[in-house]
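Below is one structure, written out as structure tokens; comments come after it.
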Amino acid sequence: MMIQNKTIAIIGGGPGGLSLARLLQMAGAEVTVYERDQNSDVRIQGATLDLHEDSGLKTIRKAGLMEAFLAHFRPGADKMRVVDRAAHIHFDDHRTKPAEDFGDADFRPEIDRGPLRKILLAALQPGTVVWDRQFISMTQTDQVWTIQFQNGETATADLVIGADGARSRIRPYLTDIKPFYSGITMVEGTIYDAAINSPRIYELLKGGKIFALGDSKTLIVSSKEAGAMSFYTGCKTAESWVVDSGIDFKDNTQLLHWFQQEFSGWDPIWQELFAHEKTSFIPRPQYCMPLTQTWTAQANLSLIGDAAHLMPPFAGEGVNMAMLDALELSECLRGNQFSDLQSAIAHYELKMRERAAATAKMTLEQTESLHSEKALDNMLRMFSEEPS
Ligand SMILES: Cc1cc2nc3c(=O)[nH]c(=O)nc-3n(C[C@H](O)[C@H](O)[C@H](O)COP(=O)(O)OP(=O)(O)OC[C@H]3O[C@@H](n4cnc5c(N)ncnc54)[C@H](O)[C@@H]3O)c2cc1C
């Protein structure tokens, strides 16, 4: 194995980085994950994730974690309702969709980010993840990287993998290609004790997902573990809207006021999502890596996940791509089919960029479709064309 006697540093303990660590450890490699979060108990915000049979779930299976996944995914959370701005239901999985059907390519079980991280962490050897290590910079001497962290600590590694997400600090060591703005900015929020704090939307959600479409805008709501709900709006805005709008995103009164104006023709039921004083909001302009991006492979550095191929979330592919990257990179590194590390990495990166470009193209089309005047018709047509 080419990576025998090599120390591998993975920067970032998200789904991509932890999957890679697990798969490399299964092959006997020496791996450390450096993660900026303070510890494993940090409450992870954000929408739930649906894993796909040929990517996310495939990686879970190869990592020997299907049993743990079955114990932690949320049955029924994948069931979707497509509604209009008046909250009238036009499509309802709850009426038609069978219960979980693992092995069926159309079954996309949902898991929260926290439990997914826990499953992956529990599968790693003790001490694999070093917390409170925010990557700042690195230098190379005789093919060995010296890594500098925010807290003054350093580490060395023969091979560095950037799994540090959308704003990767590792990526500039490989390429200066930057993502472009997709035209959509999301505002994301999470409501805890949703049955009490947003009862009407909670009832409409029915433990699944809501896609509300209208006026070229989206409002997507997902149920989460422990009675919580996450949601995000999607609106066409200028790239600089977050600053130009003048909104203080920590001031919930301002957010409610913005929502009432921006979604003025929508049923007041939706305002429940913005009315709770404890909800914290995060504005998220959505970026995408150029579909034609390329770079020269290095012998001791590579990227996986959002760091390699950021894309908007409107096709639910990001985490699946990150986990499949982990699987494919691990297979290239552990096999004997390549003469050296640079060839193995080059092979992985070529396939990864091709796959990500095709997925990002589909995602951009979906993003446009969901934010068009005909969004509801487009989505209903898509479901009616799906094989049953
Ligand atoms: C609102 C929203 C909804 C989404 N919904 C879906 C969905 O339904 N389905 C889907 O497939 N995808 C979805 N995505 C996309 C998905 O979250 C990402 O594609 C996925 O998390 C990428 O995984 P990753 O491991 O590459 O990066 P991340 O999950 O971003 O993990 C990166 C890790 O690196 C750490 N890190 C960052 N910088 C540093 C540093 N300098 N030093 C050390 N550590 C660092 C971070 O703390 C984090 O733990 C959504 C995204 C958003 C914003």
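The values are calculated or read from the model by the stated rules, or taken from the named source; none is laboratory data. This structure is a prediction, so every number in the text was calculated from the model and none was measured. Cβ atoms come from the backbone with ideal geometry, glycine included; neighbour counts cover every protein chain shown. Side chains included, ligands, DNA and RNA excluded: accessible areas come from the protein's heavy atoms. Shrake-Rupley method; radii C 1.70, N 1.55, O 1.52, S 1.80 Å.
Structure data summary
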{"read-out": "Inter-probe distance in nm under a simple model that places probes 7 Å from Cα toward Cβ, at Asp142 and Ile89", "value": "6.8"}
{"read-out": "Candidate residues Asp215, Asp164: accessible-area rank, largest first, probe 1.4 Å", "value": "Asp215, Asp164"}
{"read-out": "Surface/4 of the Cα convex hull for the stretch 180-288, nm²", "value": "6.6"}
{"read-out": "Unsatisfied cross-links (Cα-Cα over 31 Å) in the set Lys62/Lys97; Lys209/Lys250; Lys58/Lys209; Lys6/Lys58; Lys209/Lys351", "value": "Lys209/Lys351"}
{"read-out": "log10 of Debye I(q)/I(0), alpha-carbon scatterers only, for the chain at 0.06, 0.08, 0.09, 0.14 Å⁻¹", "value": "-0.24, -0.43, -0.54, -1.27"}
{"read-out": "The chain: most fluctuating residue of Lys250, Lys79, Lys178 per GNM, C-alpha cutoff 10 Å", "value": "Lys250"}
{"read-out": "Under-5 Å amide H pairs with Gln134, H placed in peptide plane, nonlocal only", "value": "Gln150, Asn151"}
{"read-out": "Cα-Cα pairs of the stretch 1-145 separated by more than 27 Å (percent)", "value": "35"}
{"read-out": "Percent of alpha-carbon pairs separated by more than 16 Å within the stretch 113-179", "value": "59"}
{"read-out": "Where Asp50, Asp193 fall by accessible area, highest first, once all protein chains stay in place (1.4 Å)", "value": "Asp193, Asp50"}
{"read-out": "The stretch 230-388, accessible surface, carbon-and-sulfur percent (1.4 angstrom probe)", "value": "51"}
{"read-out": "Solvent accessible area, Å² - His52, 1.4 Å probe, full protein context", "value": "10"}
{"read-out": "Ratio Rg/Rh, restricted to the stretch 220-348 and using Cα atoms, in which Rh is the Kirkwood radius", "value": "1.13"}
{"read-out": "Label-zone membership for the stretch 364-385, site Thr292, 7 angstrom Cα→C-beta point, backbone N under 19 Å", "value": "364-365"}
{"read-out": "Spacing of the two label points (7 Å from each Cα toward its C-beta) at Asp101 and Asp132, in nm", "value": "4.9"}
{"read-out": "FRET efficiency estimate (nearest 0.05) - Cβ-Cβ, Glu153 to Ala122, R0 35 angstrom", "value": "0.90"}
{"read-out": "Rounded to the nearest 10 Å², the accessible area of Val144 at probe 1.4 Å", "value": "50"}
{"read-out": "In degrees, nearest ten, helix 252-262 long axis to first principal axis of the chain (Cα)", "value": "70"}
{"read-out": "Filtered chymotrypsin sites (Phe, Trp or Tyr not before Pro), the stretch 1-94: DSSP coil and at most 16 other beta carbons within 10 Å", "value": "none"}
{"read-out": "Arg36, Arg381, reordered so the largest accessible area comes first (probe 1.4 Å)", "value": "Arg36, Arg381"}
{"read-out": "Low-density loop positions, GluC sites (Glu not before Pro), the stretch 279-388 - DSSP coil, at most 14 other Cβ in 10 Å", "value": "Glu373"}
{"read-out": "Residues of the chain: accessible area per residue with a 1.4 Å probe, Å²", "value": "45"}
{"read-out": "Cβ-derived FRET efficiency at R0 35 Å, Gln271 paired with Phe383, nearest 0.05", "value": "0.80"}
{"read-out": "Percent accessible area from carbon and sulfur atoms, the stretch 8-69, protein chains only, probe 1.4 Å", "value": "41"}
{"read-out": "Other-chain or far-sequence residues with amide H under 5 Å of Arg284's (modelled H)", "value": "Met186, Val187, Glu188"}
